[in-house]
1. For the chain, can you list the cysteines whose C-beta has no other cysteine C-beta under 4.7 Å from it?
2. Shape verdict for segment 292-364, please, from the Cα gyration tensor: rounded (a/c under 1.5), prolate (a/b greater than b/c) or oblate.
3. Calculate the spin-label point distance for Met378 paired with Glu90, positioning each point 7 Å from the Cα along the beta-carbon direction, and give it in nanometres.
4. Compute the acute angle (0 to 90°) between the alpha-carbon long axis of helix 332-348 and the principal axis of greatest extent of the alpha-carbon atoms of the chain; round to the nearest 10°.
5. In whole Å, what is the distance between the alpha-carbon centres of segment 256-284 and segment 388-419?
6. Please give the residues of segment 371-405, grouped as numeric ranges, whose backbone N is less than 18 Å from a label point set 7 Å along the Cα-to-Cβ vector of Phe70.
7. Taking θ = phi - 60°, what integer Hz values does the Karplus form 6.51 cos²θ - 1.76 cosθ + 1.60 yield along segment 359-374, in sequence order, with x for Gly and Pro?
8. Rolling a 1.4 Å sphere over the protein heavy atoms, what is the accessible area per residue of segment 109-181, to the nearest Å²?
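The values are calculated or read from the model by the stated rules, or taken from the named source; none is laboratory data. Quick caveat, the model's predicted, so the values are computed rather than measured. Note that we place each Cβ from the backbone using ideal geometry, even for glycine, and neighbour counts take in every protein chain shown. Only protein heavy atoms, including side chains, enter the accessible area calculation; ligands, DNA and RNA are left aside. Shrake-Rupley method; radii C 1.70, N 1.55, O 1.52, S 1.80 Å.
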Amino acid sequence: MGFDEEAGSSTHALPTEDTPLVSSKSEQHLSSQPKTFANIFIAIVGAGVLGLPYTFKKTGWVFGILMIVFVAFLTFHCMMLLVKTRRKLESKQRGFETINSFGDLGFIVCGSLGRFAVDIMILLTQAGFCVSYLIFIANTLAHLSNTKKVLGFNPKSFYIWSCFLPQLGLNSIPTLTHLAPLSIFADVVDIGAMGVVMVEDVMIFMKHMPVLQAFGGLSVVFYGLGVAVYAFEGIGMVLPLESETKDKKKFGRNLGISMGFISLMYIGFGALGYFAFGEETKDIITTNLGKGVVSMLVQLGLCINLFFTFPLMMNPVYEVCERRFCDGSYCIWMRWALVLGVSLVALLVPNFADFLSLVGSSFCVALGFVLPSLFHLMVFKDEMKLGVLVSDIVIMILGVVLGISGTGSALMEIFSVKV
């Protein structure tokens with residue numbers, strides 16, 4: 001997520017609730033199309049992909065594929081609604097030359113209530129992503145160590161606390177500019193590790209060919225959609241991404257190509273993982289792999305990727321909290337307290353995929369579908385055609401239904417007794 005300082009720094013956050021940020025980007029700091037593609041990739045792809053094989057097991061592989069395509073298209077559409085809404089507002093209200101964030105947009109459309117709604121959803125969503133990263137890292141390292149105690153601690157607890165001090169250091173870095181090398185490194189590791197996992201899946205499938213189901217039944221539809229929505233995380237970053245793109249006319253095309261590529265990668269990863277292990281597919285697919293050197297390197301690679309992605313995904317949380325509680329100023333104690341809070345939540349969550357579904361169904365659905373369509377409707381209501389009006393209303397209703405049903409389904413899974 002290699003943003004330039006002007007696009008991503010918390011030090012450029014809105015100093016008050018009533019003063020939208022006006023940025024002064026120079027042309028030389030804007031991103032080329034390849035860099036924009038890489039930024040979109042790292043902003044969207046995260047830990048959610050690792051729960052897809054387990055989700056395919058619950059929903060069936062055919063429904064899993066349809067689910068990915070549907071959520072990808074809807075997410076792309078809602079991202080572009082945000083971009084179009086911002087462009088419309090900037091063309092109408094010259095006093096707001098730059099609307100840098102989702103929160104800025106919410107403030108201009110709905111006032112302080114709009115900004116608060118966006119802020120709370122971004123805070124909970126991004127923090128939820130980072131909770132899942134710590135769960136994955138801890139569970140994977142516990143699986144690799146295969147011990148009941150590490151220095152007297154439960155393995156999961158030990159590895160979460162082992163990440164704590166290094167994360168305090170990484171999360172003390174004030175701007176995303178300085179985190180850009182970590183973004184590139186995380187991208188390379190992520191793609192390489194996922195490629196190796198898919199090759200391993202194909203080899204295992206050719207040997208065993210387990211019994212597979214195409215459809216898992218209606219009872220797991222909302223659960224699966226919640227995980228899929230989570231997997232396409234990143235809508236909170238679409239406006240900063242577009243802001244720092246050099247050729248803004250091609251941003252929609254770039255975003256569409258990126259979403260298409262990510263969708264194909266998700267389908268391949270989810271389907272092949274399920275094909276390889278069938279009903280034995282676990283909530284974190286890498287724990288299905290053997291104990292060989294290649295398997296260990298892949299799992300460690302994914303842990304390294306998520307470890308360095310953690311501070312990138314926490315940055316919007318810091319922007320919100322520092323603006324609301326520190327007058328927009330950098331506050332290291334605030335950041336450390338938030339890292340501690342995320343770590344404590346990770347200690348309490350039992351199942352990786354169930355947590356993905358909960359975050360995706362609740363906060364991600366509201367942030368990704370309901371609010372973009374609502375803001376678009378409010379800004380364009382006097383000039384939109386009937387079809388567009390109906391589309392916005394349907395997306396809002398669908399988001400509410402998915403949110404309520406998916407959250408209920410995920411909570412039932414979390415609190416059910418695991419056999």
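1. Cys78, Cys110, Cys130, Cys163, Cys303, Cys321, Cys364
2. Prolate shape, in that a/c is at least 1.5 and a/b is the bigger ratio.
3. Distance between label points: 2.0 nm.
4. With both axes taken from Cα atoms, the answer is about 40 degrees.
5. So the separation of the two Cα centres works out to 22 Å.
6. 391-405
7. Karplus-based 3J(HN,Hα) across segment 359-374 equals 5, x, 6, 8, 6, 5, 5, 4, 6, x, 10, 5, 5, x, 5, 5 Hz.
8. Counting only protein heavy atoms, the per-residue value for segment 109-181 is 40 Å².
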